[in-house]
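The numbers here are math on the coordinates, done by the rules we state, and not lab data. No experiment lies behind these values; they were computed from the predicted model shown. Note that each Cβ is placed from the backbone with ideal geometry, even for glycine, and that neighbours are counted across all protein chains shown.
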Amino acid sequence: MPRALITGITGQDGSYLAEFLLGKGYQVTGLRRRSSTRNLHRIEHLSGLSLVEGDLTDLSSLVRVLEQTQPDEVYNLAAQSFVGSSWQQPLATSDITGLGVLRLLEAIRTVNPRIRFYQASSSEMFGKAQTVPQHEGTPFYPRSPYGVAKLFGHWITVNYRESYGIFACSGILFNHESPRRGLEFVTRKISDGVARIKLGLARQLRLGNLEARRDWGFAGDYVEAMWLMLQQPEPKDYVIATGETHTVREFVELAFAHVGLDWRDHVVVDPALFRPAEVDLLVGDASRARRELGWRPRVDFPTLVAMMVDADLERLRGGHRAGDGPGYGDVPTEGGPAPGGPTDGGPDATGDTGDDGRRMPHRDDAGREGGAPGRGPG
Ligand code: NAP
Ligand code: GDD
């Protein structure tokens, strides 16, 4: 049985990738960092998943986890991934999102250089895009501390491949969304806002730059590409994208129209949510992935918007489910992990053995992005 270690297991992609690899018969371990509050809502429904404690800022924890779990494949999804926050916390972002990749590669080099390594690189590295569409050969021009940190992670992955022969791939993924997306990202902020307004729980949705264009796909489709990269005869870097671009305004229009509302009655543009430097246009050319991996996206843009709005409507109406919205194969949980759900195992066990039987609030129920004074984390 192949063994995989996923960092960033509590995040959106970690949950979909774990689901995918468990379905393929992998023994999957997720690395989670210590948290003072429970943050397992995206993975509670997964049975057979093991958890270990570690942190990308702590090399010794990474070495120990690799020694204990002996993975064949490591997927590095952990990051401070919110671009807006990277201006508020540039040093922490660089440490986790940039240097964290190097720490993990050093741990792999030390413990077992035959481990296959996937790095979650980002279209944010293209930033002020030098070609349209963007492909593997497009020059990078990052526009945020996050983008700069990801660029370090990308090049150190390439460098360890070329220096030490490690099977290391950098997946340059364009934006991918789902009902499991964090509430601070614009698509989920919109789907949550639309659902609240539809249900009479809110009247307004405050947003920043509506003219930014992104290539948005479905996260469930994108994790398959991560796995495919590590199954190839040679390690390479791949752009993963839909090839379509849409403005934030189009996302807003579709999301409101889906519930029979006119967005112009509810959306307020707040200059405080504009970013110090914006990435205006992202659209990817995933021809290499199509040709060499046989990968293509399955969920189109209107389906993605409708899926996210419907999931938030259901959640806010009280039909909260673990992981994501209705119709995507998840299991409702009322009192904690599904039977046989994630286990914190081994000497690194977190001691987090399930909850106390009360219904756990969805972390994202805590509220929506607040409007901070000045240029906030739009
Ligand atoms: P996400 O939901 O924000 O998840 C990030 C994960 O990283 C969380 O599990 C978080 O744990 C963990 N993490 C943060 N700091 C850590 C640390 N110091 N040590 C260990 N774990 C840490 O992000 P996502 O959307 O799933 O994205 C996954 C990866 O793909 C990220 O690297 C992101 O930058 C990259 N990416 C995402 C997209 C996209 O559109 N989603 C596109 C391109 C690239 P906590 O729960 O403890 O915070
Ligand atoms: N978050 C947010 N909140 N963004 C807003 C808002 C708002 O209220 N209003 C407008 N936007 C615009 C942002 O200015 C940006 O141009 C766009 O919406 C998308 O913002 P996010 O959803 O925060 O995502 P991102 O593109 O900055 O970053 C995501 O995609 C990257 C890949 O390109 C993240 O997932 C990154 O981790 C990922 O690398």
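Taking R0 as 30 Å, what FRET efficiency do you get between L91 and A306 from their Cβ-Cβ distance, rounded to the nearest 0.05?
For L91 and A306, the calculated efficiency is 0.15.
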Enumerate the amide H contacts of T343 below 5 Å, restricted to partners 5 or more residues apart or on another chain; note that Pro and chain-start residues carry no placed amide H.
L49, S50, L51
Using only the Cα atoms of the range 192-318, each taken as one equal point scatterer with no solvent, compute I(q) by the Debye sum, divide by I(0), and report log10 of the ratio at q = 0.10, 0.12, 0.20, 0.23 Å⁻¹.
-0.42, -0.58, -1.12, -1.28
Using only the alpha carbons of the range 177-217, determine the length spanned along each of the three principal axes and report them from longest to shortest in whole angstroms.
31, 23, 14
Over all distinct alpha-carbon pairs, what is the Kirkwood Rh of the range 84-157 in angstrom?
13.0
Can you quote the Å³ per residue value for the convex hull of the Cα atoms in the range 3-153, rounded to an integer?
125
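Would you please put 142-152, 299-309 in order of how densely packed they are, using the mean number of other Cβ atoms within 10 angstrom per residue and starting with the highest? Don't skip to the answer; put the middle values down first.
Working: 142-152: 23.5, 299-309: 19.7.
Going by the mean number of other Cβ atoms within 10 Å, highest first, we get 142-152, 299-309.
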Links that overshoot a 30 Å alpha carbon limit, given the list K24/K128; K189/K236; K128/K189; K128/K236:
K24/K128; K189/K236
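Taking Rh as the Kirkwood radius, which is the inverse of the mean 1/r over Cα pairs, what is the Rg/Rh value for the range 121-189?
Computed over Cα atoms, the ratio is 1.03.
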How far, in nm, would the chain grow between N112 and L199 when pulled straight, counting 0.36 nm per residue and subtracting the alpha carbon separation?
26.0 nm
Pairwise label distance in nanometres, V132 with R290, each label 7 Å out on the Cα-Cβ vector
1.9
